[in-house]
Amino acid sequence: MSIQFFYEKNLEGVANSVKRKQEQYRKIVRHLYYNDATSIAGIVKAVHISQPLVASLVDDLIGYGMLLDSGVGESIGGRRPNLFCINPDYQYVIGVEINLHTLNLAVFDLSNNQIQKEEIKYFDLEDSEEYLLALVEMIEMLISKLDVPKERYLSIGVSIPGLVDAKLGLSYTHLSVAANGLANYLAERIGLNVLLDNDARIMALGEKAFGKAIDKENVLCLNLTNGIGLGMILNGELHSGKNGFAGEFGHIPIEPNGELCHCGKIGCLETLTSGKVLVQNVKKAMEKGQPTILAQYQKEGKKIDLRSVVEAIKAEDQFAIDQLNQICEYLGKGLVTLIHLLNPEMVIIGGRMAHTGKYVLDPVRMSMNKYAMRRISSETEIVCSDLLDNAALMGTMANVMRIALNLD
Ligand SMILES: [Zn+2]
């Protein structure tokens with residue numbers, strides 16, 4: 001099932017001329033989606049189509065309801081020009097963020113606003129038919145909350161942890177019960193196009209479209225939650241590799257005599273520095289009776305997990321900050337390898353750990369100062385995401401529009 005804008009479903013005529021017209025419409029829609037309201041002259045300049053043809057295509061698109069006349073702009077000599085923009089309510093996109101223990105869903109309009117959002121706190125990712133049925137039910141429930149006919153949804157963008165082949169819509173790590181792939185399963189049940197990709201890559205797309213990677217060409221986006229995910233924007237494009245497995249940064253071997261990783265190998269970076277390791281270390285040290293606000297949290301019945309450890313760090317708990325510092329040494333060291341290889345202009349730390357802000361940035365920078373070649377690393381900015389927990393959902397929207405507006 002390919003992505004089609006609603007008006008494209010009813011274009012009539014000879015196949016070749018329909019295709020050409022479709023491309024011309026898309027060029028205009030693409031320009032207006034990625035830019036502010038634009039005059040006919042501005043569109044002509046951007047899409048390299050003649051003025052009379054642009055005027056007629058824009059007229060058509062207004063007729064279909066895809067574009068709106070958004071008033072008059074500044075004059076550049078002569079009459080003030082009319083401006084045109086995308087009609088935000090022409091169609092909607094559904095974003096689904098599958099996490100190991102939670103599920104987040106949103107509906108976006110074509111101005112990228114979340115007009116409906118659901119956060120399901122307890123939704124453990126299990127390889128079972130029941131999980132798939134519950135997932136479909138949640139998406140159908142979201143759709144039923146808005147008074148929008150199904151054909152007005154452009155696509156469902158899905159993000160999931162682990163190894164994903166985005167072209168086949170297949171998760172290799174989770175939900176193997178969906179025999180033809182998760183994307184096909186959902187598309188058949190719900191009757192809409194579905195685009196699936198790995199969470200770290202989706203978050204990188206979110207950062208590129210809406211976060212700190214806007215206008216940047218080479219950016220590494222880390223998803224530091226329980227594991228370590230990596231999404232790479234290289235030369236302005238998402239880098240996926242041959243099968244879409246690029247970015248398994250957490251599983252590069254570091255410590256030959258180290259711990260067994262959940263991937264089956266020994267001493268992966270993730271076994272030395274990740275949210276999971278941080279929580280393990282915190283628990284071990286607490287057993288020895290180290291004074292910390294976390295002991296207080298525990299008395300109040302709170303679980304010691306990444307969420308509560310991050311909360312303690314933000315509350316300036318010396319013990320928790322110490323524990324974070326320790327794992328950041330390895331993270332910085334690992335990042336140096338990436339920076340030496342790829343020379344990015346920016347590294348964005350996202351995921352749960354990004355909530356600690358300077359507490360994660362400072363020790364990572366210190367470790368990098370120690371291990372990196374200064375000439376290379378001094379050109380790389382390291383920052384925390386400002387999209388934070390919204391990065392993956394925003395990324396599903398960015399991914400759908402990137403593919404819907406692809407011109408080739
Ligand atoms: Zn591993």
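The values are calculated or read from the model by the stated rules, or taken from the named source; none is laboratory data. Please read these numbers as outputs of a predicted model, since none were measured by experiment. Here the Cβ is made from the backbone with ideal geometry for all residues, glycine too, and neighbour counts use every protein chain on show. Heads up: the accessible areas ignore ligands, DNA and RNA and are worked out on the full protein's heavy atoms, side chains in. Shrake-Rupley method; radii C 1.70, N 1.55, O 1.52, S 1.80 Å.
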* To do: Could you work out the Kirkwood radius for the stretch 277-408, taking every pair of different alpha carbons, averaging 1/r and inverting it, reported in Å?
  => 16.6 Å
* **Fluctuation leader among LYS288, LYS45, LYS208 - the chain, Gaussian network, Cα springs under 10 angstrom** => LYS288
* When the helix-only estimate is applied to the chain (DSSP H runs of n ≥ 4, each -39,500 (n - 2.57), divided by the residue count), what is the mean residue ellipticity at 222 nm, nearest 500 deg cm²/dmol? -> -13000 deg cm²/dmol
* Asked: Reachable aspartates and glutamates from LYS302, Cα under 12 Å, same-chain residues fewer than 8 places away excluded?
  -> GLU311
* To do: First compute the accessible area of the stretch 215-386 with a 1.4 Å probe, then give the percent of it belonging to carbon and sulfur atoms.
  => 48 percent
* With a 1.4 Å probe and every protein chain left in place, tell me how much accessible area LEU168 has, in Å² to the nearest 10. => 110 Å²
* Using Cα pairs closer than 8 Å and at least 6 residues apart in sequence, work out the relative contact order for the chain, in percent. => 14 percent
* Asked: What FRET efficiency comes out for the pair ARG307/LYS9, r = Cβ-Cβ distance, R0 = 41 Å, nearest 0.05?
  -> 0.40
* **Helix 129-145 vs. the chain, principal-axis angle (Cα, 0 to 90°, nearest 10)** => 50 degrees
* **Counting DSSP beta bridges with both ends in the stretch 116-264, the antiparallel % (nearest 5)** => 70 percent
* When the gyration tensor of the chain is built from Cα positions, what are the square roots of 5 times its three eigenvalues, in whole Å, from largest to smallest? -> 42, 25, 20
* Could you please state how large a percent of the accessible area of the stretch 6-86 is carbon and sulfur, counting protein chains only and using a 1.4 Å probe? => 51 percent
* Structure fact -> Convex hull around the C-alpha positions of the stretch 339-408: the volume in Å³ per residue is 107 Å³
* Cross-link pairs LYS21/LYS212; LYS265/LYS314; LYS265/LYS370; LYS167/LYS212 - those with Cα-Cα distance over 30 Å -> LYS21/LYS212; LYS265/LYS314
* **Per-pair calculated FRET efficiency, R0 = 45 Å: TYR33 and ASN325 via Cβ, rounded to 0.05** => 0.55
* **Radius 12 Å from Cβ of GLY13, net charge of other residues (Lys, Arg +1; Asp, Glu -1)** => +2
* **Antiparallel DSSP beta bridges within the chain, as percent of all bridges there, nearest 5** => 60 percent
* Would you mind pulling out the separation of the Cα centroids of the stretch 85-154 and the stretch 1-21, in Å? => 27 Å
* Structure fact -> Residue separation between GLN298 and GLN280 times 0.36 nm, minus their alpha-carbon distance, gives in nm 5.0 nm
* Give, as a single signed number, the net charge of other residues whose beta carbon lies under 13 Å from the beta carbon of CYS328, with Lys and Arg counted +1 and Asp and Glu -1. => +1
* Asked: Considering only protein heavy atoms, what per residue accessible area in square angstrom results for the stretch 215-386 with a 1.4 angstrom probe?
  -> 51 Å²
* To do: Could you size up the charge dipole of the stretch 14-76 around its Cα centre, putting +1 on the beta carbon of Lys and Arg and -1 on that of Asp and Glu, and report it in debye to the nearest 20?
  => 400 debye
* Asked: Over the stretch 6-86, what per residue volume does the convex hull of the Cα atoms give, in whole Å³?
  -> 90 Å³
